[in-house]
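Readers should treat all values here as calculations from the given coordinates under stated rules, not as data from a laboratory. Bear in mind that the values here come from a model prediction, so they are computed numbers and not experimental data. Neighbour counts run over all protein chains shown; Cβ positions are idealised from the backbone, glycine included.
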Amino acid sequence: MILLIVIVGVVFYSRSSLPSSNSTSDQQITQSSPTDNQASSSPSSDSSMSAEESPNANSQVKQLIVTGSNFKFEPSTLTINKGDKVKITFKNSAGVHDFVIDEFNVKTDTISGGQDASVEFTASKTGTFEYYCSIGNHRAMGMVGTLTVQ
């Protein structure tokens with residue numbers, strides 16, 4: 001019985017000291033995550049990005065980053081291949097927006113400036129598809145882009 005109490009005490013003590021050290025290592029992992037590195041290394045002046053230009057093009061999931069601001073997306077065109085598994089990270093730099101591609105049933109949550117959201121899908125058909133912000137009249141004001149699936 002005493003041995004059981006000692007073991008429970010050690011486990012409890014170990015767990016109570018872990019969160020503070022884990023939260024520090026979690027923050028370090030978060031700060032150096034591949035998504036964050038992509039954002040800092042992606043060219044901001046390029047208005048077109050293909051999946052092959054993504055820093056993680058060798059992985060099984062094509063990772064693309066789209067930044068939204070008031071009434072525009074950057075890049076404004078994306079190109080992928082039919083059959084690609086795609087993860088699009090939508091980073092909102094200003095305002096309140098979302099990211100939608102109707103033909104692939106893709107829609108992020110509505111997010112505020114400084115937030116990001118991700119969606120994943122498989123490019124199951126070829127063609128040219130519009131992505132847009134569905135908030136208010138943002139789409140009509142030009143917050144659109146083009147996804148080409150080859």
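Could you tell me whether any residue of region 96-113 is over 16 Å from the mean Cα position of the chain (by Cα), over 17 Å from Lys62 (Cα atoms) and among the aromatic types (Phe, Trp, Tyr)?
no
Among the residues of region 87-117, count how many are surrounded by fewer than 18 Cβ atoms within 10 Å (Cβ to Cβ) and among the polar types (S, T, N, Q).
Going through region 87-117 one residue at a time, the tally reaches 5.
Only residues that are surrounded by fewer than 15 Cβ atoms within 10 Å (Cβ to Cβ) and assigned to a strand (DSSP E or B): list them for region 124-138, please.
Those that are surrounded by fewer than 15 Cβ atoms within 10 Å (Cβ to Cβ) and assigned to a strand (DSSP E or B): Gly127, Thr128, Glu130.
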